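Read the structure below first, then the notes.
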Amino acid sequence: MTSRIGSTVLGYPRIGPNRELKRALESYWSSRIDEAELRAVARELRVDAWRALRDAGLDSVPGNTFSFYDHVLDTAVTFGAVPPRFAGLGLGPLDTYFAMARGVESAPPLEMTKWFDTNYHYLVPEIGPDTRFSLADRTPVEQYREAAAEGVITRPVLVGPLTFLLLAKAADGAPESFQPLDRLLGLLDAYAELLGELRRAGVEWVQLDEPAFAADRTPDELDALSVAYERLGELEERPNLLVAGYFGDLGEALGVLASSPVEALAVDLVAGKSTVDAVSTVRGLSGKTLVAGLVDGRNVWRTDLDKALATAATLLGSADEVAVSTSCSLLHVPYDVAAEADIDPQVKSWLAFAAQKVREVVVLGRALSEGRDAVAGELAEARAAIADRASADRVRNHRVRARLQALRPEYSQRSDYETRRAAQQKSLRLPALPTTTIGSFPQTTDVRKARAALRSGRIDQATYRQRMRDEIERVIRLQEEIGLDVLVHGEPERNDMVQYFAENLDGFASTDNGWVQSYGSRCVRPPILFGDVARPKPITVEWTSYAQRLTEKPVKGMLTGPVTILAWSFVRDDQPLADTAKQVALAIRDEVNDLEAAGIRILQVDEPALRELLPLRSAQHADYLDWAVTSFRLASCGVAESTQIHTHLCYSEFGDVINAIVALDADVTSIEAARSRMEVLDDLNAVGFGRGVGPGVYDIHSPRVPETAEVVDLLRAALAAVPAERLWVNPDCGLKTRGYAEVEAALKHMVEAIAELR
Ligand code: GLN
Ligand code: ZN
């Protein structure tokens, strides 16, 4: 007899409650510890997680959720998809793995990109006609055994074969017509082999993640899904299969999976708005287990357990068993609210991080199997917290709401671009091909130390302020010496472009330990946006106007845009995101207007995350882009014609948002372009962009200093696409993570290149 799934989570954080894995990885990479020490840390983290999940009372504990770097990379390695440039390095398995993630001198790493619409980055597998799939690594089997030896029975989690191939890219040199999906049958053989081994090791359930089907998919891709799960379902020797589709509605894939011979399906009832209805009408679920993703795996709010139980009740009957789970892996939330000492206690009582969400799932599971009375106390406590949050004064700011009500279309409108251009030229008198940077200059150890010292009280505000002023002055002098045309203050006072604003706006809370893995050993600590957003006082005006007083050249004021602030925060779930965006936009608008009043004539509102929040389904694009663009314009349109608005976008692949970039109506857009050799300019031309544009002329992600000739080359390419009077010259992105030596040299080459062209 197979055991029920009952209550479970689809995955768990792995970086360690105190970022133990981050430290161990970085120590290993810098040769301060050896492989055995790194493996010991990893093992301890795995064992702790298994035990915690079992002890919390989950009926089914996910396994194989640990990763040294990334679970997509793990999958590639498991099935032998190691590109020849790494296989030939002669390194051991772990170092080959890290070489794929981080690159080595002779072999650049796999490309990295965002995991669906999250802030997690995965490594893009390279699959070609010659990729030889095999069961090359048995980590999933070993970890099952390792957990079993600790007395914990786990359900190994794997990236599903379709999602793996759909996330992969064609290897260099593959024929034009080749797609990774062409290799499905070969890959399925390797999956079959792994499933057999897992079964022989005693595994009862395996989870195969197929989030790729929460995005639009072609009929061929849906057919491939059907083929794959027919094939895996037919295997004689295999564990039960749980296929998990999350991050949205599965659409047609739900029907395909329901009629396939898999034993269980996990659906996302949080992001999948029509999934409840779809589940009740789809055929083929009877005889299967439906794993209901009722607890939000992407956000930090406590679950409304009553509502979740009501939803579960509507599903009973649609399948043999209704199990409860998180909507997706808990990889996307921090470990434990209990680790937060400084969050306001009331706000804290509304939060649930991974540990709390596991408990919520357990409570829901018990309510379903034993009846609500069995967990009456927990349900009552949750109810009280939900009610408190819904009625809390600190969530609502009547002035902000009134302002939002009173918005008029002209608030997000400026006069036509040509009129503005003439006014700006007159006021700014910039030379042809003006040079600038994206905002941040290198964050030196001294700057970081000063911030830490202020936080811990070792220095006072006045001392801190002086140190930042000194830094700003240094950065201004450096830019003058290099000969840049539009200067910046360098952003030394900002820990992070979103966190800094969150800390200075009402409606946000910050965490001490709320780390979430971004990629590899990199973690971020997203602010928590819990209430109406207001700006109690000007934030950047003092720094920017100080910088402006130091120089005759125009200093550009730097702000983060509303969409990016939302994208890199945990957002409230009690009102439409569009409303939250407009509130943030109004706060930024006030800052823009104050900067203008303080004499700043150029303002940059950064929206690097514009593309990132784009919904997975194209049917929702228009609505998103509409509020995203409106918010940006609300933030930036309150200025005079002569004030120049810049924006900055990065992380390439602008395809789906190219029209929105035009609609932002910024006077100047700086955009990542160096790595794609200015291709984006043609895309912009194709949609009639016609405004100032600064395609990045060198890649700041690498320490490499570009030669003047390379910059000249790129600029020549740019000039073929954009008339000189609209072209700006700047790096690809902010310089925060670079060192001064490189930055100085690179910017000098950039300015030399202009001299050659002018
Ligand atoms: N102004 C920011 C900086 O220079 C922009 C960063 C970004 O685009 N991610 O750091
Ligand atoms: Zn950028």
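At a glance:
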quantity	calculated
Lys, Arg +1 and Asp, Glu -1 on Cβ, resulting dipole of the chain about Cα centre, debye, nearest 20	1940 debye
Within region 20-333: Cβ-based charge dipole about Cα centre, in debye rounded to nearest 20 (Lys, Arg +1; Asp, Glu -1)	520 debye
Descending semi-axes in whole angstrom, ellipsoid equivalent of the chain, from the Cα gyration tensor	45, 31, 25
Alpha carbon centroid spacing (whole Å) that separates region 494-540 from region 267-318	31 Å
Sequence-distant residues sharing a close amide H with Arg738 (under 5 Å, placed H)	Gln443
Residues Cys328, Cys733, sorted so that the one with the fewest Cβ neighbours within 10 Å comes first	Cys733, Cys328
Projected-area mean, region 418-757, by convex hull of Cα positions, square nanometres	16.5 nm²
Relative contact order of the chain, defined on C-alpha pairs under 8 angstrom at six or more residues apart (%)	11 percent
Unit charges at the beta carbon, dipole of the chain: most positive-side option, Gly561, Leu577, Ala640	Ala640
Hz values of 3J(HN,Hα) by residue in region 259-271 - Karplus curve (6.51, -1.76, 1.60), Gly and Pro given as x	8, 8, x, 9, 8, 8, 10, 9, 10, 9, 8, 9, 7
Residues Lys114, Lys582 arranged by fewest to most Cβ contacts within 10 Å	Lys114, Lys582
Of every Cα-Cα pair in region 20-333, the percent that sits beyond 29 Å	36 percent
Other-chain or far-sequence residues with amide H under 5 Å of Thr560's (modelled H)	Asp606
Chymotrypsin sites (Phe, Trp or Tyr not before Pro) within region 633-741, DSSP loop, no more than 15 other Cβ atoms inside 10 Å	Tyr651
Within straight-line cross-link reach of Lys169, lysines at Cα separation under 29 Å, skipping those fewer than 8 residues along the same chain	Lys22, Lys114
Region 340-351 - phi-based ³J(HN,Hα) in whole Hz, Karplus 6.51/-1.76/1.60, Gly and Pro as x	9, 9, 9, 5, 3, x, 5, 4, 4, 5, 8, 9
Protection-proxy order for peptides 241-247, 458-464, 418-424, 14-20, each taking the mean of Cβ atoms within 10 Å per residue, highest first	241-247, 14-20, 418-424, 458-464
Interchain or long-range residues, amide H under 5 Å from Trp301's placed H	Ala352
Proximal aspartates and glutamates relative to Lys553, as straight alpha-carbon distance under 14 Å, when same-chain residues fewer than 8 apart are discounted	Glu473, Glu480, Glu481, Asp485
Backbone HN-Hα couplings from phi across region 40-46 [Karplus 6.51/-1.76/1.60, Hz, Gly and Pro as x]	5, 4, 4, 4, 4, 5, 5
Helical contribution to [θ] at 222 nm, DSSP H n ≥ 4, -39,500 (n - 2.57), averaged over the chain, rounded to 500	-13000 deg cm²/dmol
Dipole of region 20-333, positive end: most advanced residue of Asn240, Gln143, Leu194 [Cβ charges, Cα centre]	Gln143
Reachable lysines from Lys307, criterion Cα separation under 26 angstrom, eight or more residues apart if same chain	Lys273, Lys288, Lys348, Lys357
Listed peptides 290-301, 587-598, 138-149 by packing density, highest first (mean Cβ within 10 Å)	290-301, 587-598, 138-149
Given charges at beta-carbon only (K, R positive; D, E negative), |dipole| of region 418-757 in Debye	700 debye
Mean Cβ count within 10 Å, highest first, over the residues of peptides 202-215, 50-63	202-215, 50-63
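Computed from the coordinates by the stated procedures, all read-outs in this text should not be read as laboratory data. Given the structure is predicted, the values throughout are model-derived calculations rather than measurements. Cβ coordinates were reconstructed from backbone atoms using ideal geometry, including for glycine residues, and neighbour counts include every protein chain displayed.
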